[in-house]
Amino acid sequence: MGEKLKRSVSELFLQDKPSKILIYLKKENKPLYTAIISREVDATYAHTLNVLADFKKLKFVSFKESGRIKLVNLTELGSKAAGILISFIDLLELGEIEREMDQTYEKEIKGKLREEMNKEAISKQFDKLKAKLNRYIEEKPTNVSILARKLLKKADDVLAEAFGYPPG
């Protein structure tokens, strides 16, 4: 990798604060002061500066000095990496939604007669999950929204089973 980082790249990005810093820079989409970044991601100034130094070595950020103050800019490479990181986090969240769906199915529907099911609780839980999925469909890039659409279909199929409607 050339110049050695203080920590491995995977270790860097699988930590909470570095991920938050990169995502914050992407969402703000403008040059920022380190102090603002550290405040917004709830990290110390020193830690933020160390992370940004590692990001600079990776060519994810650049610094522009204005007197004694440095502005941090996300590079094109950093912006792409942040986008991928955001998609990865979205996919993990979709996995959590599917897990909740499966748990509700196992607990409330599977092996029960329709008369034994708490249809109001099932409907309420699935409405909440479907609302989350719809936000992913509306707001996220194609790869994430495609998976969200599949999970939305799965939710509709489970509800059809619970309420005795034809699937589809």
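The values are calculated or read from the model by the stated rules, or taken from the named source; none is laboratory data. Since this is a predicted model, take the numbers as computed values, not measurements. Cβ sites come from the backbone with ideal geometry, for glycine too, and all protein chains shown count toward neighbours.
Would you confirm, using the coordinates I've provided, whether residue 114 is within 21 Å of residue 33 (Cα to Cα) and out of contact with any His (no Cβ under 9 Å at 6 or more places or on another chain)?
When the stated conditions are applied, residue 114 does not pass them.
Looking at the structure I just gave you, is residue 107 of a type in the set (Lys, Arg) and either surrounded by 15 or more Cβ atoms within 10 Å (Cβ to Cβ) or in contact with a helix residue (DSSP H, G or I) (Cβ under 8 Å, 6 or more places away or on another chain) (or both)?
No; evaluated as a whole, the condition is false for this residue.
What pairs can you find where one residue is in region 149-168 and touching a residue at least 24 places away in the same chain (Cβ under 8 Å), the other is surrounded by 14 or more Cβ atoms within 10 Å (Cβ to Cβ) and β-branched (Val, Ile, Thr), and their Cβ atoms are less than 6 Å apart, with a gap of 6+ or different chains?
162/109; 162/122
Would it be correct to say that residue 121 is under 17 Å from residue 24 (Cβ atoms) and outside the structural domain of residue 14 (by TED's automatic domain parsing)?
no
Of all the residues that make up region 110-125, how many are in contact with an Asp or Glu (Cβ under 7 Å, 6 or more places away or on another chain), in a helix (DSSP H, G or I) and either at pLDDT below 90 or surrounded by 13 or more Cβ atoms within 10 Å (Cβ to Cβ) (or both)?
Going through region 110-125 one residue at a time, the tally reaches 1.
Check residue 69 against each of (1) within 21 Å of residue 26 (Cβ to Cβ); (2) touching a strand residue (DSSP E or B) at 6+ places or on another chain (Cβ under 9 Å); (3) of a type in the set (A, V, I, L, M) and name the one condition it does not meet.
(1)
Just the residues that are loosely packed, with under 13 Cβ neighbours inside 10 Å and hydrophobic (A, V, I, L, M, F, W, C), please, taken from region 126-145.
Answer for region 126-145, where residues must be loosely packed, with under 13 Cβ neighbours inside 10 Å and hydrophobic (A, V, I, L, M, F, W, C): just 131.
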